[in-house]
1. P217: modelled with pLDDT of 95 or more, of a type outside the set (A, V, I, L, M, F, W, C) and either surrounded by 15 or more Cβ atoms within 10 Å (Cβ to Cβ) or within 27 Å of E431 (Cα to Cα) (or both), yes or no?
2. Only one residue in K107, K162 is over 30 Å from L47 (Cα atoms) and basic (K, R), so which one is that?
3. From the list I424, I415, I432, I386, pick out the single residue that is touching an Asp or Glu at 6+ places or on another chain (Cβ under 9 Å) and more than 20 Å from R356 (Cβ to Cβ).
4. Scan L188, L175, L181 and give me the residue that is farther than 30 Å from A420 by Cβ, surrounded by fewer than 20 Cβ atoms within 10 Å (Cβ to Cβ) and in contact with a Ser or Thr (Cβ under 9 Å, 6 or more places away or on another chain).
5. If we scan the stretch 274-286, do we find a residue that is modelled with pLDDT under 95, part of a loop (DSSP other than H, G, I, E, B), polar (S, T, N, Q) and out of contact with any His (no Cβ under 7 Å at 6 or more places or on another chain)?
6. Can you tell me which residue within the stretch 343-396, out of those that are assigned to a helix (DSSP H, G or I), among the β-branched types (V, I, T) and under 30 Å from D189 (Cβ atoms), is nearest to the chain's Cα centre (by Cα)?
7. Can you find even one residue in the stretch 260-280 that is within 30 Å of E157 (Cβ to Cβ) and surrounded by 15 or more Cβ atoms within 10 Å (Cβ to Cβ)?
8. Name the residues in the stretch 195-227 that are under 19 Å from K407 (Cβ atoms) and acidic (D, E), would you?
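The values are calculated or read from the model by the stated rules, or taken from the named source; none is laboratory data. These figures come from a predicted structure and were not determined experimentally. We place every Cβ from the backbone using ideal geometry, glycine too, and count neighbours over all the protein chains shown.
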Amino acid sequence: MKIKKIKRVLLITALLQINTAFGEDLLTVYQQALEADPELKSAAIKLDMVAAQKGQAIGEMLPQVTANANWSENNQRQHFRDRSLTNDYKGTRYVLSVNQSLIDFAKFWNWRRAQEIENQYTAENTEAQHALIHNVVEKYFEVLEAEDQMRFYQNEEQATEKKLEQVKKQYAKQLLKITDLYEVEARLDQIKASEIEAETILIKAKESLRALTNASPSGLFKLREDIDYIPLEGALEDWIAVAKSENPTLAAQISAIAAASNEVAMQKSKHLPVVDLQFNYYDTDTGYQSSQQPKTEVQVAAINVTVPIFSGGVTTQKTHEAQHRLALTENENEAKIRALVKETSDAFLSSNASVRRINASLKAVESSSKSREAKEKGFKYGVETISDVLDAQQSEFKAGRDLSQAKYSYIKNRIRFMHAIGMISEENLQEINGWLQKP
């Protein structure tokens, strides 16, 4: 018997460890998303790519050194009337060339453009990190919200099934009409249909979270009941100003405008003269020269001036293209500013509205519970109908669902607001993670 008890204890302990291992809080899900998110990886790759482009732009302004070596053997034959002469010339040829740009505005503006693109991709990488935090919170609580809605419908179904059993017994005793029985059955069918819809929403929410983390969610930590839902402070206009200055998407767009402007300057500068310093060293001993004495080395230092005169209109058309791209980027910036203002306003107002909705829903849950109890008592004494009882029960569960939605809406809108103003961070994750309780 003792051995069986020990085995049972070990089995229970193992099961508890398994349940704990499969429990996932918000930070655990975030770590999974960090490892799996392709958007974040792409942003990091783009940053490495533009760093290489910047290095290329710098390299174009540095000295360009080339060396060339050649070994050859030439045969020369001379034919006379009575004889032929053959001469062999073996030799080597060495050339060293050094070129340094002195004045080349196109290379300068190309380097400036690469700098701005690097700033743009840096901001986009920051935005990818912010978006991941936002998405993790949103998808996580969408699953919890869907689970709560599913649970409410299941509880309502169980309560309605109990009502159906009571009605069947009373109908068998001829205390109720057949219409009462039909009404409860119809109401139960409606709940089951809503439950199917809620189950579909739950499956979709889990799939969305799985697409983010590349892992199926299981045992997510639930939201605690003792959370103090505080409205956002400050004036909306001030927060919009913060969003315009701190949001990395706008910062990336500003750098994109600067890069496009530098592109225009680069294309225009291709009409200007180019000045470079050149140094060449020749040491040749090939062909006929190998038979000459003394040996000759040649060193040439020169300043070259290249003046572009006509390129078939290519430079002009490239300048026009760059100008159009600049105008397009500026229009995109204006559209993103307007979208950011709307997003900040919506998130701010929705978050504070959720606080008021939570308080109202708490009162609704309390009052609907009292109403349902009163209706049930009245039904026992024949004062209320079964329809009144079902309506009161439905109102109670609806109030519970509304309260649950209001809580999750507050959290999602709050993190959405932090994302919009560009101040979202892992500290926000840690704060929200503290609102969860272990399974």
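1. Spelling it out, it is not the case that P217 is modelled with pLDDT of 95 or more, of a type outside the set (A, V, I, L, M, F, W, C) and either surrounded by 15 or more Cβ atoms within 10 Å (Cβ to Cβ) or within 27 Å of E431 (Cα to Cα) (or both).
2. On inspection, the qualifying residue turns out to be K162.
3. One residue alone meets the criteria, I386.
4. Testing whether each residue is farther than 30 Å from A420 by Cβ, surrounded by fewer than 20 Cβ atoms within 10 Å (Cβ to Cβ) and in contact with a Ser or Thr (Cβ under 9 Å, 6 or more places away or on another chain) leaves just L188.
5. Yes.
6. So the residue we want is V365.
7. Checked the stretch 260-280: no residue is within 30 Å of E157 (Cβ to Cβ) and surrounded by 15 or more Cβ atoms within 10 Å (Cβ to Cβ).
8. Once the filter is applied, which keeps residues that are under 19 Å from K407 (Cβ atoms) and acidic (D, E), the stretch 195-227 yields E225, D226.
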